[in-house]
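Written below as structure tokens is the structure these notes are about.
The values are calculated or read from the model by the stated rules, or taken from the named source; none is laboratory data. What you see is a predicted model; the values in this text were computed from it and never measured. Virtual Cβ from ideal backbone geometry, glycine too; neighbours counted across all protein chains shown. In case anyone asks, the SASA skips ligands and DNA or RNA and just uses the protein heavy atoms, side chains included. Shrake-Rupley method; radii C 1.70, N 1.55, O 1.52, S 1.80 Å.
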Amino acid sequence: REYTGLSSGAHRFQVRATDPAGNTDATPASYGWTIDRTAPQTSITSGPSAATTDRSATFEFSASEAGSSFQCSLDGAAFTACTSPRTYTGLTLGTHQFRVRATDAAGNTDGTPATYSWTIQAS
């Protein structure tokens, strides 16, 4: 049997057999699963000062869904796998932008990455 149009959330399918004599299985086979179509929200919980002379930066971040994985991007580079905290060193003078996005266990990725901009100034 196929079921379509199921909503997000927990689902359980149970099936039991009945033989030709009319005897029905007292303990049906059962299968449970969850449909998750909602992407996690990503938050940056700490970063460098908005204006700093420090040429390194450490960011801490989290997601609204436990068990999410993360991808980070610095200054428009491609997103790559990362974990919190994420540290960058040897940064140049000027304005920088850090972006991070979470992906939950179901594969839903935050479509609006968290963003943090700061400027490294000469000392």
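Which value, in Å², gives the accessible area per residue of the chain when a 1.4 Å probe is used on the protein heavy atoms?
Values: 7770 Å² over 123 residues.
Solvent-accessible surface per residue comes out at 63 Å².
Leaving out ligands, DNA and RNA, what percent of the accessible area of region 8-85 is carbon and sulfur, probe 1.4 Å? Kindly include the intermediate steps, with their values, before the conclusion.
Working: 2490 of 4980 Å².
Heavy-atom surface of region 8-85 belonging to carbon and sulfur, 1.4 Å probe: 50 percent.
For residue 41, enumerate residues with amide H under 5 Å from its amide H, sequence gap 5+ or separate chain, H modeled in the peptide plane.
Those qualifying (amide H under 5 Å, at least 5 residues apart or on another chain) are 64, 65.
Please state the charge dipole magnitude for the chain, taken about the Cα centre, from unit charges on C-beta atoms (+1 on K and R, -1 on D and E), reported in debye and rounded to the nearest 20.
Rounded to the nearest 20 debye, it is 140 debye.
Gain in length, residue 45 to residue 77, computed as 0.36 nm per residue apart minus the alpha-carbon separation, to one decimal in nm?
Here the answer is 9.4 nm.
Using only the Cα atoms of region 17-68, construct the convex hull and provide its projected area averaged over every direction, in square nanometres to one decimal.
That works out to 6.7 nm², a quarter of the Cα hull's surface.
Please list 3J(HN,Hα) in residue order for region 6-23, calculated via the Karplus relation 6.51 cos²θ - 1.76 cosθ + 1.60 where θ = phi - 60°; whole Hz, with x for glycine and proline.
5, 7, 5, x, 7, 9, 9, 10, 10, 9, 9, 9, 10, 7, x, 7, x, 7
Find out how many positive minus negative residues lie around residue 65, taking Lys and Arg as positive, Asp and Glu as negative, among other residues whose Cβ is under 12 Å from that of residue 65. Walk me through the intermediate numbers first.
Details: positive: none; negative: 36, 104, 110.
Residues close to residue 65 contribute a combined charge of -3.
Grab every C-alpha pair in the chain, bin the distances at 5 angstrom width from 0 up to the longest one, and report whole percents.
2, 10, 16, 15, 11, 9, 7, 6, 5, 5, 4, 3, 3, 2, 1, 1, 0, 0
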